[in-house]
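Q: Dumping the structure here so I can ask a few things about it.
The values are calculated or read from the model by the stated rules, or taken from the named source; none is laboratory data. Quantities reported herein were computed from a predicted structural model and do not represent experimental measurements. Here the Cβ positions follow ideal geometry from the backbone for every residue, glycine too, while neighbour counts run over all protein chains shown. Keep in mind that these areas ignore ligands, DNA and RNA; they rest on the heavy atoms of the full protein, side chains included. Shrake-Rupley method; radii C 1.70, N 1.55, O 1.52, S 1.80 Å.
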Amino acid sequence: MESSSAASGGSTRREATRQKLYEAAVTLIAEQGFSATTVDEIAERAGVAKGTVYYNFASKSVLFEELLRHGVGLLTASLREAAERTARDGGTKVDALDAMIRAGLVFIDRYPAFTQLYVAELWRTNRAWQSTLMVVRQQAVAVVEDVLRDGVAGGEFSDEIDIPLTAAALVGMVLVAALDWKSFQPERSLDDVHAALSRLLQGRVSGCR
């Protein structure tokens, strides 16, 4: 029992350290770019020794790749939970999509620097982590695809909907609208932005029945 507790405690401490490194890396890279950010700076910002960075990640590139996995994983989980919660409450598939839009906005409001990095990396094709980025992107989009597919099967949406493209468009709409909100209209509330995107959803997706 003691060794099990010790192992669990060690795992918890390592996760806490990795979380500090993720937060330090995303802030620095958002401020000055990947190439200009050094491991020394990441360690200093996280309040750990440089060796701790290399103990957890083989290189700066590996750290950034794992950062992408971690961040998009959190986004995917929040989208899935929004859809599942709506289903438990007896909502429609449009309600589920609307809840996912709000969940996406809440995520971006909480992690604006990560979102900025993620969107920027989507446009780059020469990165070592490009294949990882495509995999985690598809995981997030697939959650939306599942809701659309169920909506088509249940007769709530038209079977003429292009499910992969519509799902990608909805995710993209939230990302771009939220970045515009944070960069150029920060005085607007999350509720206000959600209401605007909700009206767009209601007119476009639910209108395709």
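Q: Would you point out which residue out of 117, 122 is assigned by the TED database to the domain that holds residue 176, buried (at least 18 other Cβ atoms within 10 Å of the Cβ) and either out of contact with any Lys or Arg (no Cβ under 7 Å at 6 or more places or on another chain) or of a type in the set (A, V, I, L, M, F, W, C) (or both)? Give the derivation first.
A: Details: 122 fails: buried (at least 18 other Cβ atoms within 10 Å of the Cβ).
Of 117, 122, the one residue that is assigned by the TED database to the domain that holds residue 176, buried (at least 18 other Cβ atoms within 10 Å of the Cβ) and either out of contact with any Lys or Arg (no Cβ under 7 Å at 6 or more places or on another chain) or of a type in the set (A, V, I, L, M, F, W, C) (or both) is 117.
Q: Look through segment 134-145, keep the residues that are under 11 Å from the mean Cα position of the chain (by Cα) and touching a residue at least 40 places away in the same chain (Cβ under 8 Å), and return whichever of them is nearest to residue 96 (Cα to Cα).
A: 140
Q: I want to confirm something. Restricting to segment 10-21 and keeping residues that are open to solvent by less than 60 Å² (accessible area, probe 1.4 Å) and among the small types (Gly, Ala, Ser), which single residue is nearest to the chain's Cα centre (by Cα)?
A: 16
Q: For the subset of segment 146-156 comprising residues that are among the aliphatic types (A, V, I, L, M) and in contact (Cβ under 8 Å) with a residue 12 or more places away in the chain, which member is surrounded by the most Cβ atoms within 10 Å (Cβ to Cβ)?
A: Keep residues of segment 146-156 that are among the aliphatic types (A, V, I, L, M), which gives 147-148, 152-153.
Narrowing further to those that are in contact (Cβ under 8 Å) with a residue 12 or more places away in the chain: 147-148.
Details: 147: 27, 148: 22.
Out of the qualifying residues, it is 147.
Q: Further question: May I ask you to say which residue of 85, 80, 45, 69 is touching a helix residue (DSSP H, G or I) at 6+ places or on another chain (Cβ under 8 Å) and within 12 Å of residue 24 (Cβ to Cβ)? Steps first, please.
A: Working: 85 fails: within 12 Å of residue 24 (Cβ to Cβ); 80 fails: within 12 Å of residue 24 (Cβ to Cβ); 69 fails: within 12 Å of residue 24 (Cβ to Cβ).
Going through 85, 80, 45, 69 in turn, the sole match is 45.
Q: Between 83, 24, 36, which is within 30 Å of residue 156 (Cβ to Cβ) and either open to solvent by 50 Å² or more (accessible area, probe 1.4 Å) or at pLDDT 90 or above (or both)? Steps first, answer last, please.
A: On the way: 24 fails: within 30 Å of residue 156 (Cβ to Cβ); 36 fails: within 30 Å of residue 156 (Cβ to Cβ).
When all the criteria are applied, what remains is 83.
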